[in-house]
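Participant: Have a look at this one.
Readers should treat all values here as calculations from the given coordinates under stated rules, not as data from a laboratory. Please read these numbers as outputs of a predicted model, since none were measured by experiment. Because the Cβ atoms are built from the backbone with ideal geometry, glycine has one as well, and the counts that use them run over all protein chains shown.
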Amino acid sequence: MEELTSLTKRRGFVFQSSEIYGGLAGFWDYGPYGVELANNIKESWWRAFVWQHANIVGLDSAIIQNPKLWQASGHIDTFVDPMIDCKNCKHRFRADHVANFETKNLKEYDKALEDKACPNCGKVGMFTPARTFQMMFKTYVGPVEDDASIAYLRPETAGGIFAQFASVLETSRQKIPFGIAQIGKAFRNEITPGDFIFRVRELEQMELEYFIRPEQQEAEYKRWRKFCMDWLLSLGLKKANLTFHEHADDERAHYAAASVDINYAYPFGSKELYGIANRTDFDLKQQGKASGKDLSYFDTETNEKFIPYVIEPSVGVGRLALALIHSAYHEEEVNGEKRVVLQFHPAIAPVKVAVLPLSKKPELSKVAHEVFGAISSQWRVEYDETQSIGRRYRRQDEIGTPLCITIDFESLEDKKVTIRHRDTLKQVRVPIADIAKHVTEQLSGF
Ligand code: ATP
């Protein structure tokens, strides 16, 4: 984990937010390579979940919604985590994390934690009784800070989808089964943020709400479990690191009839990466009741009117980025030297191609800029002409760039350049005139 965090900081993937002021726990900034990585993850998700399904459409709803929405969804009353303090060292913990199980009955935590040692100071029997902590961030809308102007930063993107169910249905002319997908920020005032970007207070979610007939719930739940797992594997996550964790009754969110996590074996343990839940008709029913709007669906073929059920696959961009960096991390020895490579799938790699003239001589720069110009509208290409070629290769290996193109003095004569493959280290010489074609071919061969 230390190697991963140090590499990602050193190479500009992730920085602590407001670092010059000492940072703020649970908030991170994505640097130049991190933002490319995150954008690639989101684009891959959008293609797989939206573009490749004729019956799934997108939405971008506001982060702040009418607070009645969160009352109806149950979040104001039940979006809480169990919290305990150590009376000795004053550290605060999530009771379920220290007890190693989840329950809605706080007394069960108190009993289990009686003889547990504090993970920070090691003293036994010093925990306060477990109490609940509301995780939604509060703010005020407008100039007056009174109870009537309280609003919340959304704790999940799903709420906005349920609230727009009828408008999307009407304007997109979809029929059940159909889905609404959304990528966006969500905020959770986590009691103990940590494990780098795994548990944060400002996160980005990629969520799909897939609306179905009630009798389809089991088949669709099963189908989306598999679809999500297959998608993760297609991005290059190692199969051995992924496991399903089916939730027991006590572990599930208040809205779910069934839920399963896809856990990833992070260096700090096997933890939830992806959550897939059968949210039943809970949300549409609740939002319909609270708003007074009819959120039912009329099936024109069967003449039936019903509230659709919904299957929700939901994943955080940051948790996935961390899993992808971990899966991609590879060390090897080449010519007696350690080589660190992030073996990203090309679709995920922040930079696809590096253009590296062997020296800064103007005649080489000129050709190198031509190569850059020929491919940079299609892919993220980095241009680098400083330092020795060996060091530049190492830099590109460390950020996972699949292809490096070198331009040497021979290039001026034969109008060819060398493409180096990140994983095999094989080099091929190709004509500059067909450079885009060769890059396409080589990228698809990973
Ligand atoms: P956990 O049990 O780890 O707190 P959760 O069960 O509350 O997570 P969900 O409500 O199912 O998480 O959220 C869906 C997805 O959003 C998660 O699978 C995860 O990828 C992401 N996510 C949720 N909370 C966080 C967080 N605090 N930091 C980063 N990602 C998060």
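Participant: Can you give the FRET efficiency to the nearest 0.05 for Arg252 and Thr128, using r as the Cβ-Cβ distance and R₀ = 35 Å? Walk me through the intermediate numbers first.
Facilitator: Values: r = 26 Å, r/R0 = 0.75.
With R0 = 35 Å, the Cβ-Cβ based efficiency is 0.85.
Participant: Would you report the distance distribution of C-alpha pairs in segment 12-102 as whole percents per 5 angstrom bin, up to the bin with the largest distance?
Facilitator: 3, 9, 9, 10, 12, 19, 21, 12, 4, 1, 1, 0
Participant: Sort by residue number and name the cysteines in the chain that have no neighbouring cysteine Cβ under 4.7 Å.
Facilitator: Lone cysteines by the Cβ rule: Cys228, Cys404.
Participant: Would you list Glu108, Glu43 from fewest to most Cβ contacts within 10 Å?
Facilitator: Values: Glu108 17, Glu43 14.
Ordered from fewest to most neighbouring Cβ atoms within 10 Å, Glu108, Glu43 come out as Glu43, Glu108.
Participant: Any idea what the relative contact order of the chain is, in percent, if you count C-alpha pairs under 8 Å spaced at least 6 apart?
Facilitator: Working: 810 pairs, mean separation 58.6, N = 446.
Taking the mean separation of contacting Cα pairs over the length of the chain, I get 13 percent.
Participant: Go ahead and run the numbers for FRET between Ser296 and Arg92, Cβ-Cβ distance against an R0 of 45 Å, rounding to 0.05.
Facilitator: Details: r = 44 Å, r/R0 = 0.98.
The value I calculate is 0.55.
Participant: At a threshold of 8 angstrom on Cα-Cα distance, excluding pairs fewer than six apart, so keeping six or more, what relative contact order does segment 394-446 reach in percent? Spell out each step's value before the answer.
Facilitator: On the way: 56 pairs, mean separation 14.7, N = 53.
Dividing the mean separation by the residue count of segment 394-446 yields 28 percent.
Participant: Using a/c under 1.5 as the rounded threshold, could you call segment 312-414 rounded, prolate or oblate? The axes a ≥ b ≥ c are square roots of the C-alpha gyration tensor eigenvalues, and prolate needs a/b larger than b/c, oblate otherwise. Numbers along the way, then the final one.
Facilitator: On the way: a/c = 3.42, a/b = 1.63, b/c = 2.10.
The shape class here is oblate.
Participant: Hey, another quick one. Taking 7 Å along the Cα-to-C-beta vector as the label spot, tell me the Glu3-Lys338 distance in nanometres, rounded to one decimal.
Facilitator: Label at Glu3, label at Lys338, 0.7 nm between them.
Participant: Describe numerically, in nm with one decimal, the distance between label points set 7 Å from Cα along Cα→Cβ at Lys107 and at Ala240.
Facilitator: Label at Lys107, label at Ala240, 4.6 nm between them.
Participant: For the chain, how big is the tail of P(r) above 40 Å, as a whole percent of Cα pairs? Write down the numbers at each step before the final one.
Facilitator: Working: 30214 of 99235 pairs.
So the pairs more than 40 Å apart make up 30 percent of the total in the chain.
Participant: Let me ask something additional. Counting other Cβ atoms within 10 Å of each Cβ, which trypsin sites (Lys or Arg not before Pro) in segment 316-385 have at most 14 and sit in a DSSP loop?
Facilitator: On the way: sites: Arg319, Lys338, Arg339, Lys352, Lys360, Lys366, Arg380; in loops: Lys352, Lys360, Arg380.
Here the sparse-neighbourhood loop sites are Lys360.
Participant: Also: State whether segment 80-134 is rounded, prolate or oblate according to the following rule on the C-alpha gyration tensor (a ≥ b ≥ c being the square roots of its eigenvalues): a/c under 1.5 gives rounded; otherwise a/b larger than b/c gives prolate, and the remaining case gives oblate.
Facilitator: Working: a/c = 1.91, a/b = 1.43, b/c = 1.34.
It comes out prolate by the Cα gyration axes.
Participant: For the residue pair Asn100 and Glu441, what label-to-label distance in nm results when each label sits 7 Å from Cα along the Cα-to-beta-carbon direction?
Facilitator: Calculated label separation equals 5.6 nm.
Participant: Let me spell out the model: positive unit charges on the Cβ of Lys and Arg, negative unit charges on the Cβ of Asp and Glu, origin at the Cα centre of segment 351-444. What dipole size does that give, in debye rounded to 20? It would help to have the intermediate numbers written out before the result.
Facilitator: Numbers: 16 positive and 14 negative charges, 39 e Å.
Dipole size: approximately 180 debye.
Participant: Could you give the Stokes-Einstein D for segment 92-222 in µm² per second, using the C-alpha Kirkwood radius, 4 °C, 1.567 mPa s?
Facilitator: Working: Rh = 18.6 Å.
The estimated diffusion coefficient comes to 70 µm²/s.
Participant: Right, next: Measure nothing fancy, just the Cα-based angle from helix 32-46's long axis to the longest principal axis of the chain, in degrees from 0 to 90, nearest 10.
Facilitator: Helix 32-46 sits roughly 60 degrees off the main axis of the chain.
Participant: Report the far tail of the P(r) of segment 197-305, meaning the percent of Cα-Cα pairs longer than 20 Å. Please report the intermediate quantities before stating the final value.
Facilitator: Working: 3131 of 5886 pairs.
Counting every Cα pair in segment 197-305, those more than 20 Å apart make up 53 percent.
Participant: Can you list which of the trypsin sites (Lys or Arg not before Pro) found in segment 389-418 are DSSP loop residues with at most 15 other C-beta atoms within 10 Å?
Facilitator: Working: sites: Arg391, Arg392, Arg394, Arg395, Lys415, Lys416; in loops: Lys415.
In loop regions of segment 389-418 (DSSP not H, G, I, E or B), the sparsely surrounded trypsin sites (Lys or Arg not before Pro) are Lys415.
Participant: Among Val351, Val57, which comes first, second and so on when ranked by fewest other beta-carbon atoms within 10 Å? Show your work: numbers first, answer last.
Facilitator: Values: Val351 22, Val57 16.
Lowest count first: Val57, Val351.
Participant: When the dipole is taken about the Cα centre of the chain, and only Lys, Arg (+1) and Asp, Glu (-1) are charged at their Cβ, what size is it in debye, to the nearest 20? Numbers along the way, then the final one.
Facilitator: Details: 57 positive and 62 negative charges, 130 e Å.
Using only the charged Cβ atoms, the result is roughly 620 debye.
Participant: Right, here's the next one. Would you be so kind as to identify which of Gly122, Phe101, Asn88 lies farthest towards the positive end of the dipole of segment 80-134, taking Lys and Arg as +1 and Asp and Glu as -1 on Cβ and the Cα centre as origin?
Facilitator: Asn88
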